[in-house]
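Here's the structure, in structure tokens; my notes come after.
The numbers here are math on the coordinates, done by the rules we state, and not lab data. Computed from a predicted model, the values in this text were never measured in an experiment. Cβ: placed from backbone, ideal geometry, glycine included. Neighbour counts: every protein chain shown.
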Amino acid sequence: MKSRAVKLSHSDYVEESVALLKNILIDNSYPEKIINRFLFHTAIVNNNNQRPTAQQLPNITNTPLEPNRVTEDQNGQLVSYFSLPYIDNLTYKLANVFRQHNNIKIANKQVKALSKLYSRTKTPLQIMENWNVVYRLQCRDCDLSYIGQTSRNLKGRITSHKSDCRRGVLSCALSEHVNNLDHRIDWDGAEILDRADSFCKRTFLEMVHINSQVNTMNKRSDTQSLSVIYGYILDLYSGKYGSLRQVATQGSQ
């Protein structure tokens, strides 16, 4: 217990820490004679503030310190500004050393920011609680997937898909795929592909992702509004040279 008090204390406060420890032990009914024997009949050694040897110090002589800013004064001379972390009883001494150099200015900065003092109190949203997203649903019985967009939360949109599939309402390619082929959808494996607050942006991103997917159950009409120019760029990006020739043929027509 004494060793812990010594190790956790600065060398200037070791004696005060030991005296405080004695008072705590006395308050807990320990015999004062035994306390004095263990606390004061042994040497107090604190190795916390030993200076490192030259071999333990890193070699920083060849590491240049880049200034934060360089400007010209009224005489046309370059002045370099450096920022140093503020350490009590140390930073101002370093600043005094550099004051004899007119072309060097020192400024202090805080090491601890407010963002480091507080933890992230906001709980991240679950995937089903996100809204304004472009999403993908995978079929369990084949390799086809469905890509859609919604401004609602994803859970509500998937609930609507489930209702259409259960009641046989052919509202989109997903419900048609389920009812015509009697396939099952991996509802819990929904994936968010993109986010956008604007309806036009979400629709465009939806068409982009449909166009970039090889195996999709979406209809061809879902991408009719996508310009041929965008299709050409997307083909170049993905390296689909076969479809690139088709786009070039359509563009020439």
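If the stretch 72-113 were replaced by its equivalent ellipsoid, with semi-axes equal to the square roots of 5 times the Cα gyration tensor eigenvalues, what would those be, largest first, whole Å?
Three semi-axes, in Å: 23, 12, 5.
Which order do the peptides 144-155, 18-29 come out in when sorted by mean C-beta neighbours inside 10 angstrom, highest first?
Descending packing order for the listed peptides: 144-155, 18-29.
Report, largest value first, the span of the C-alpha coordinates of the stretch 118-206 along each principal axis, in whole Å.
Answer, in whole Å and largest first: 53, 27, 24 Å.
Net charge within 14 Å of ILE185 by Cβ-Cβ distance, Lys/Arg positive one each and Asp/Glu negative one each, not counting ILE185 itself?
-2
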